[in-house]
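*Asks:* Encoded as structure tokens, here's the structure I'll be asking about.
The values are calculated or read from the model by the stated rules, or taken from the named source; none is laboratory data. Because the structure is a prediction, the values reported are computed rather than measured. Methodologically, a virtual Cβ is constructed for each residue, glycine included, from the backbone with ideal geometry; neighbour enumeration extends over all protein chains shown.
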Amino acid sequence: MKKTFPLQVEGKNPERLLEATKHEIRKYIKRERRRELPNGVDFWDFDCRFGTTPETASVAHIAELIPLIDALVKSQGSQFYVEILSKHGHRQVRQKPTEQDI
């Protein structure tokens with residue numbers, strides 16, 4: 001998903017528009033996570049970018065998207081750009097704690 005969301009549209013309630021955009025982002029992420037995994041892949045991971053325009057967008061973690069949107073709304077922003085691209089995720093094996101670590 002690569003999309004610019006306006007936060008102020010004539011004739012629409014800004015709070016409802018904000019909730020609709022957040023819902024669309026969450027819905028896209030859920031849909032991508034439901035896709036069938038290829039062989040050798042443990043989960044779907046995401047590369048995300050967030051900014052006011054595509055040119056100024058910077059890398060963000062997927063869990064930071066909604067708080068970033070809220071911060072932009074508090075600073076009276078008029079639009080924002082979100083880029084969410086799914087990629088293959090591989091789990092890292094954790095090392096067992098040794099006696100020295102305990």
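*Asks:* Against the definition (surrounded by 11 or more Cβ atoms within 10 Å (Cβ to Cβ), aliphatic (A, V, I, L, M) and in a strand (DSSP E or B)), how does Val82 come out, yes or no?
*Replies:* Taking the combined requirement at face value, the residue satisfies it.
*Asks:* Another question about this same structure. Of all residues in the stretch 62-79 being surrounded by 11 or more Cβ atoms within 10 Å (Cβ to Cβ) and of a type outside the set (A, V, I, L, M), which is farthest from Arg26 (Cα to Cα)?
*Replies:* The qualifying residue farthest from Arg26 (Cα to Cα) is Gly77.
*Asks:* Answer with yes or no whether Arg16 is over 12 Å from the mean Cα position of the chain (by Cα), surrounded by fewer than 11 Cβ atoms within 10 Å (Cβ to Cβ), assigned to a loop (DSSP other than H, G, I, E, B) and not hydroxyl-bearing (Ser, Thr, Tyr).
*Replies:* no
*Asks:* Within the stretch 11-36, can you find the residues that are touching a residue at least 40 places away in the same chain (Cβ under 8 Å), over 18 Å from Gln76 (Cα atoms) and of a type outside the set (Lys, Arg)?
*Replies:* Ile25, Tyr28, Ile29, Glu32
*Asks:* Somewhere in the stretch 57-79, is a residue in contact with a Lys or Arg (Cβ under 6 Å, 6 or more places away or on another chain), modelled with pLDDT under 95 and not β-branched (Val, Ile, Thr)?
*Replies:* The answer is no; no qualifying residue exists.
*Asks:* What's the number of the condition Asp47 fails, among (1) touching a residue at least 40 places away in the same chain (Cβ under 8 Å); (2) within 18 Å of Thr21 (Cβ to Cβ); (3) loosely packed, with under 15 Cβ neighbours inside 10 Å?
*Replies:* Of everything listed in (1) touching a residue at least 40 places away in the same chain (Cβ under 8 Å); (2) within 18 Å of Thr21 (Cβ to Cβ); (3) loosely packed, with under 15 Cβ neighbours inside 10 Å, Asp47 misses just condition (2).
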